[in-house]
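Structure, as structure tokens:
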Amino acid sequence: MQEQEMEVDMADAVEASNLLQLIKQLLLEKAYDGVRMLFESAQESERNTRLLPHIAMHLYHDVCSENLSDEVNSQEPELFDCSDELLKLLAKFAPLQELMLELMERLEESSSLNVFGAHLRALQVVLQRQGRDKPQAVEWSLQSVFTRLRELPLPKYLSEGYDEAQARLIEQNEQVEDLLAHYITVGLFRQPLCSEILQHDVRAPSQTFKDCGLNRRNIFTCFFIQLLGRPLALLEMSHVKEDLTRTYVQQVTESLSQDASQCLGDPFYLLNLVEQRARWQRKLDAAKGVYEMSCRNVFLIEEKLPLHAVAMYYHSLFVGNQLPPNAPRIYAPLFLFESIVYLSEVLLKQQEPPLQYCGLRLVEHLLSTLGNPVLSSSLQLDVHKRFCEALCKIVGYSPQVALRQLGLHVLRQYVLVFDDQGKYLILKNLLETLQHDGLMGYLGGMYKDLVDKALEESGPLPEVYSGKLFREMLLLCVCVLPHDVKSDLLLHADRLCHALNILRYFAVRDKKDVTGFWQALPDIVRRLLDPLGKALNFSMAHYKAYKERVEKGQSASDDELMQRQLNMLAVNITNSGMAGGDGDSRLPDIGRQEKLEVLASSITSLETLQSLYLIASEKLEQSACLRRKAAQSDS
Amino acid sequence: MPEENKIDLSGDGGVLKEILQEGKGTETPHSGCTVSLHYTGRLVDGTEFDSSVGRNEPFEFPLGKGNVIKAFDMGVATMKLGERCFLTCAPNYAYGAAGSPPAIPPDATLIFELEMLGWKGEDLSPNQDGSIDRTILEPSDKKRTPSDGAFVKAHISGTFGGNVFEDRDVEFDYGEGKAIGIVEGLEIALEKMNIGETSRIKIQPKYAFGAEGNEEFKIPPNSAVEYTVKLLDCGKGLEEWKLSDEERLAEAKAYKEKGTNYFKKENWALAIKMYTKCKNLLPNTADTNEEVKKVKVATHSNIALCHQKSNDHFEAKQECNAVLALDESNVKALYRRGQCNLTINELEDALEDFQKVIQLEPGNKAAANQVIICKQKLKESKNKEKKLYANMFTKLAANDKETEPPRETDVLSKCGEWSEEDAKREAELTLERDNIIMI
């Protein structure tokens, strides 16, 4: 019996070897249809398919591996196609691991979409055969796919940021087009696998808790989410609100986030782990077997599930409106908000403006959905501080105009979403720690607006808008002349303008001293108005004299000051996105005419400040007078 | 539903529970536990707005952490295993005046049907392998937790086999608990506790007293222990990012001092930890700032010594390399590296190091002694090698005299080739082995 079996095996092996030779011969003769016939015709296919396991790897090495290249594709496309079909066919019979290793290597090194696609189709078959076994092997295969996508060349401007007009044309770029084509091919690759997972890899009724270990479903979930991160995320700046065009980027993103949501079951599940990941670092300790990859919960491992990609997944769910209709509705809004602040902070801290943009959009969306004010107790979480810092850095210093504008809008909405105490705490902390003059002026103005709104409402003023806390804030955001009389007024012009406007406002608005403004006024006069008056006179005299010297050609000794101002101007230009160079670099020496222009603009700024100063002083005087009269008539 | 069957959970009628099916036992889940259940939420008019049953998967969430609407946290905390109930939630315990458009209108009362499937403690272990398990006994609404370097004040009570083996108030800087006998598992757990919280922490041996156990506490080797901890207070950790270069240097020096204190107490692990913190805190100005460079050199050198003391000679060598990268004629580092090389049997490197020490300090007797030892060892090792080769050649010569083996197959044809079984086994091993880098 055994002998008989051996004889049959031997006969098959010989037959298989002949088949291999035949295929090679047919390919040499360019009889591609003949090769197809071998596996498609009713008479031949059954016998030949039975022989394939014997020669699958030989066929791979001798035929597919050699012919699935760009060179063959361009010179003999039919040979390429035939090899492609053979590869897909042999993938059903070849030894799993051996072929998988080959495919992984070829996928990572594939030089074009065609080569990538051919190998990906084969990998799909292999992974279907692999089923739920050996999840680690499945993970490595998927990593090879991702590695290829990650290493595709992309235009540099994607990482440096781009404006709305560029965003609209982004898909026209050849490299972007190629990347999206790769993503779409991966989409075709994952569809049957995803359906199979959803059908077969389900929780047993006896299993009370979700298995977060290394299994096929979790690996694919991580893969889908990973794909939403870089490089795809770099294209997300083109995501324009209420745009009717459905771009390829959107289509790819939507399909990935839908698959991820389906695999997760509860799309918010990962939010439960966000704090754990963003707030506490895992304590790695080789002696205890704690390595980056040793965690039994795959969703906690950065390499498997990068946090920026998780943030992009939620960006797609919320901003891209991809929440499945059956998503749980019992999560607390505050929990969602705090988790999104964690994620948004992760995005804001990334180098690439498109990711920062997504971070802003994400938090903007969540802020718009919050119905009730967030309690100030939430601010005990350190993440709020980190978020504010990252946000203010963007608002103050990002070279992208759109980012700065959106950032400022988000900052405003973010402050306003808290209860009164929360608003006060954020503004005060920011004013204490920020260095950006314009932003500080803006925040001071915001506090004024909040007090104004509170004054309009009936009932007593909340304690953060009156009395001691009001005075503290006022002294912090209004009465600040950083270097007393010697302050560089032009450098702090923004903040000083805001301060003077705030003074003028309270002088007019709060004649009854509900806020305690008039009690704080003597301090304000001592710390701000008196030194500012003197500083204004000094500066004005200085600049006018300087101008005179320039006009007479005697200005060499003042040139350092001029250079400083020009450098300031250069920073502003860099911020406005107009200059390509480094804002810190010194400008070349300029001529007399240019010097005069700069000086004229400085003098104009000082004059504006001076006129504001005079108006504020006048209003203060008038209101003080009215108050005195009112007090006299009362008495 | 008759009103009398409803239990008022909130005390103001805001959350009412009606049991449909009694659960098993008496236990209910504690705060912090991960709870698994099925739920269906309806509006008062019967409109279903959400259900885990529809998703075909139980719903999981950490209890009592505010992740879900208030009523849900409140109701689930009272449920026993297998219990089924209705929960009627007034708007202020659900979505309030704002609602959650479009499914939940403003000021909506919600009715949930719940079925408790089970719960488990919170796994705080870095590997999520259940080695540190927390149950919150008394939650806190504060959100501050200890961070690295922060001052921690807590009350701890450790039990083993039902007996209390320690019960005390502790105060320490987070990260240095080991110095006052805080087991590692407890310190890891404390990082995730809010001020005011009391928790029960079950700790497996590797994060408690390990394979040695603890004689004083009468804890045998490889024993799991249990602690009840109340975090009384904690400060804010060091905010490194806010420090100026001068502040960083000052802070680094403070950690160096701490490291030296632990070194004096022969607590090498903590000394290394503190020195490493010092090293990380130092500003990146070692090239231009002589003082920073000096501290950096001293820190690496001290870490090297600590590693030597704990017999980690390879790590010690790395630290010496770091010192020598900053100061190539540092005699101490050269001497220490020489010692490490000697211990790990890199004799020629060791000799080179000691000779360089003598070159720099001709009168260094210790180095001169080490040179003699090195030369002696090198000689011994060469002799050994000679003998070994001599033996090998003798054996080979003897073999040659025997008749040549029959040339059945070409040996080279099999070279590097696996049998099918070998290949399969190897591939499986490769694919399933963790932490393998595939090339």
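Here, each number is a calculation from the coordinates, and none is a lab measurement. Predicted model only: the values in this text are computed from it and were never measured. Cβ: placed from backbone, ideal geometry, glycine included. Neighbour counts: every protein chain shown.
Just a few scattered comments:
- Shape of segment A:60-164, Cα gyration tensor, a/c cut at 1.5: oblate
- Within segment A:7-151: Cβ-based charge dipole about Cα centre, in debye rounded to nearest 20 (Lys, Arg +1; Asp, Glu -1): 540 debye
- The protein assembly as shown - charge dipole about Cα centre, Lys and Arg +1 at Cβ, Asp and Glu -1, debye rounded to 20: 4220 debye
- Partners of A:Lys552 within straight-line reach, counting lysines whose Cα lies under 29 Å from its Cα and excluding those fewer than 8 residues away in the same chain: A:Lys486, A:Lys534, A:Lys544, A:Lys595.
- Of the GluC sites (Glu not before Pro) found in segment B:1-92, the ones in coil according to DSSP and having at most 10 other Cβ atoms within 10 Å of their Cβ are B:Glu22, B:Glu27.
- A:Pro328 sits among other residues whose Cβ lies under 9 Å from its own Cβ, and their net charge, with Lys and Arg +1 and Asp and Glu -1, is 0.
- Of the peptides A:533-544, A:333-344, B:176-187, the order by per-residue mean of other Cβ atoms within 10 Å, starting with the highest, comes out as A:333-344, B:176-187, A:533-544.
- Computed over the Cα atoms of chain A, pair by distinct pair, the Kirkwood hydrodynamic radius stands at 29.9 angstrom.
- Ordered from longest to shortest, the equivalent ellipsoid semi-axes for segment B:132-234 are 22, 14, 11 Å, each the square root of 5 times a Cα gyration tensor eigenvalue.
- For segment B:62-76, putting each phi into the Karplus relation 6.51 cos²θ - 1.76 cosθ + 1.60 with θ = phi - 60° gives couplings of x, 6, x, 10, x, 6, 10, 4, 3, 4, 5, 4, 5, x, 5 Hz, in residue order, rounded to whole numbers and with x for Gly and Pro.
- Selection among B:Val76, A:Leu425, A:Ala204 by position relative to the dipole of the protein assembly as shown gives A:Leu425 as farthest towards the positive end (Cβ unit charges, Cα centre).
- Once C-alpha pairs closer than 8 Å and six or more residues apart are averaged by separation and normalised to the residue number of chain B, the relative contact order reads 9 percent.
- When the P(r) is computed for segment A:370-485, the part past 17 Å accounts for 57% of the Cα-Cα pairs.
- Set against the 2.2 N^0.38 Å expectation for a compact globular protein, the protein assembly as shown has a Cα radius of gyration ratio of 1.17.
- Residue by residue along A:208-216, Cβ atoms of other protein chains within 10 Å of the local Cβ number 3 on average.
- Per the Debye calculation on chain B with a single equal scatterer at every Cα and no solvent contribution, log₁₀ I(q)/I(0) for q = 0.11, 0.13 Å⁻¹ amounts to -1.05, -1.19.
- When shorter helices are ignored and each DSSP H run of at least 4 residues is given -39500 (n - 2.57), the per-residue value for chain A at 222 nm works out to -22000 deg cm²/dmol.
- Too-long pairs where the Cα-Cα distance tops 28 Å, listed order kept, from A:Lys448/A:Lys629; B:Lys143/B:Lys178; A:Lys393/B:Lys253; B:Lys273/B:Lys375: A:Lys393/B:Lys253; B:Lys273/B:Lys375
- Computed over segment B:318-383, Kirkwood Rh from alpha-carbon pairs, angstrom: 11.6 Å
- Cα-based helix-to-principal-axis angle, A:216-228 vs chain A, degrees rounded to 10: 50 degrees
- Net charge of neighbours whose Cβ lies under 11 Å from the Cβ of A:Val401, counting Lys and Arg as +1 and Asp and Glu as -1: -1
- Net charge of the neighbourhood of A:Pro354, taken over other residues with C-beta under 12 Å away and scored Lys/Arg +1, Asp/Glu -1, is -2.
- Computed over the Cα atoms of segment A:593-635, the ratio of the radius of gyration to the Kirkwood radius (Rg/Rh) comes to 1.46.
- If the convex hull is drawn through the Cα atoms of segment B:3-120, its volume per residue in Å³: 105 Å³
- Shielding by other protein chains, B:62-69, mean Cβ within 10 Å: 5
- Computed log₁₀ I(q)/I(0) - Debye formula, equal Cα scatterers, no solvent, segment A:148-253, q 0.20, 0.24 Å⁻¹: -1.03, -1.33
- Restricting the trypsin sites (Lys or Arg not before Pro) of segment A:146-196 to loop positions (DSSP other than H, G, I, E, B) with no more than 13 neighbouring Cβ atoms within 10 Å leaves A:Lys156.
- The loop-placed GluC sites (Glu not before Pro) in segment A:117-207, going by DSSP, that have at most 16 neighbouring Cβ atoms within 10 Å of their Cβ come out as A:Glu151.
- Solution diffusion estimate, µm²/s, Stokes-Einstein, segment B:52-170, Kirkwood Rh from C-alpha pairs, 10 °C, viscosity 1.306 mPa s: 88 µm²/s
- Placed amide H near B:Asp50: partners under 5 Å, 5+ positions off or other chain: B:Gly41
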